[in-house]
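Novice: Have a look at the structure that comes next, please.
The values are calculated or read from the model by the stated rules, or taken from the named source; none is laboratory data. In this text, all values refer to a predicted model and were calculated from it rather than measured experimentally. Here the Cβ positions follow ideal geometry from the backbone for every residue, glycine too, while neighbour counts run over all protein chains shown. To get the accessible areas, we keep the full protein, side chains included, count just its heavy atoms, and leave off ligands, DNA and RNA. Shrake-Rupley method; radii C 1.70, N 1.55, O 1.52, S 1.80 Å.
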Amino acid sequence: MKTLLKVENVKKKFGELVALENISFDVFDKECLGIIGPNGAGKTTLFNVISGYMKPTAGRINFMGRDITGKKPSELVKMGLVRTFQLIKAFKNMSVEENFKVVGENYKEIMKDLELWNKREMLAKNLSQGELRKLNIGLALVTNPRLLLLDEPFSGLSPKECAELHSVIERLKEREVTLVIIEHKLKELFNHSERVIVLNYGHLLCEGTPEEIVKDIRVIEAYLGDGYAIA
């Protein structure tokens, strides 16, 4: 499998606090990789470092064979590495279509594909949580990403909205967008991820398939608890 992203011995410190300690893993082209772990494990810090919002204290990050360590988010977007945020970022007092126009020109098919076309004149602040999440992903897609980092996309969604987002993610996979997803709703995540890595207190605890992860005693003790099973 072709490696699209390579994270090598990444460390991030905030003063004396070590948020990430020697994190190394690969993301393969066209795969969907899940990242899980308890609160404070370092998941969002890892996304911030990969996507250029923070500089690592040590280590290297390569994307498509190029060293991107410390590059700015705007540079990475142009290269095809884009992230979304758990707290949705949109221009709330602008219409859905105006939000898309800010990002780029080729957005109409994306709006239709995400079932936002009929909402194009609605102010973003009047959208439901699920519609806002689709807007957030749609704005990322306008940049034509090769790798899309999704930070807790299912957070705060109703069962119906989760089902709609499942369809969106499946269409992303059909478009061969490589995905890395942080998510606490594990059954939702495991529906899409071929491979999962587990973080705990800034360390990479283990990696494997969803089926392997839920049986790993280290993951059970650190995060899942007894009795967890994939539905």
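Novice: Considering the dipole of the chain built from charges on the beta carbon (Lys and Arg +1, Asp and Glu -1) around the Cα centre, which of Leu179, Ser158, Met79 is farthest to its positive end?
Specialist: The listed residue farthest towards the positive side: Met79.
Novice: I would also like to ask the following. Provide, in order from the shortest bin, the percent of all Cα-Cα pairs of segment 62-185 in each 5 Å bin, continuing until the bin that contains the maximum pair distance.
Specialist: In whole percents, the pair-distance histogram is 2, 11, 21, 25, 21, 13, 5, 2, 0.
Novice: Taking the mean number of other Cβ atoms within 10 Å as a proxy for protection, how do you rank 138-150, 106-118 from highest to lowest?
Specialist: So the order, starting with the most tightly packed, is 138-150, 106-118.
Novice: Rank-order 120-129, 186-195 by packing density, defined as the average count of other C-beta atoms within 10 Å over each peptide's residues, highest first.
Specialist: 186-195, 120-129
Novice: Could you give the dipole magnitude of the chain about its Cα centre, charging the beta-carbon of Lys and Arg +1 and that of Asp and Glu -1, in debye to the nearest 20?
Specialist: 780 debye
Novice: Report for segment 82-218 the percent antiparallel among DSSP-assigned beta bridges with both residues inside it, nearest 5.
Specialist: So the antiparallel bridges in segment 82-218 amount to around 45 percent.
Novice: Order Thr178, Thr57, Thr209 by their accessible area, 1.4 angstrom probe, all chains in place, largest first.
Specialist: Result, largest first: Thr57, Thr209, Thr178.
Novice: Grab the DSSP H runs of the chain that are 4 residues or longer, score each as -39,500 (n - 2.57), total them, divide by all residues and round the 222 nm result to the nearest 500 deg cm²/dmol. Please report the intermediate quantities before stating the final value.
Specialist: Details: 8 runs with 68 residues, N = 231.
The helix-only estimate for the chain comes to -8000 deg cm²/dmol at 222 nm.
Novice: Of Pro145, Val103, Gly130, which is farthest towards the positive pole of segment 102-146's charge dipole, taken about the Cα centre with +1 and -1 on the beta-carbons of Lys, Arg and Asp, Glu respectively?
Specialist: Among Pro145, Val103, Gly130, the one farthest towards the positive end of the dipole of segment 102-146 is Gly130.
Novice: Once amide H atoms are placed 1.01 Å from N in the peptide plane, what residues at a sequence separation of 5 or more from Ile68, or on another chain, have their amide H within under 5 Å of its amide H?
Specialist: Amide H to amide H, under 5 Å and 5 or more residues apart or across chains, Ile68 pairs with Ile61, Asn62, Phe63.
Novice: Of all DSSP beta bridges in the chain, what percent run antiparallel (nearest 5)?
Specialist: On the way: 21 of 37 bridges.
Around 55 percent of the beta bridges assigned by DSSP in the chain are antiparallel ones.
Novice: Comparing Phe91, Phe63, Phe14, which has the greatest mean-square fluctuation in the GNM of the chain with Cα pairs linked when under 10 Å apart?
Specialist: Of Phe91, Phe63, Phe14, the most mobile in the Gaussian network model is Phe14.
Novice: Here's a follow-up. Express the C-alpha Rg of segment 1-103 as a ratio against the empirical globular expectation 2.2 N^0.38 Å, rounded to two decimals.
Specialist: 1.19
Novice: Taking amide H positions as placed 1.01 Å from N in the peptide plane, with prolines and chain starts having none, which residues 5 or more places from Asn200, or on another chain, fall under 5 Å of its amide H?
Specialist: Leu205
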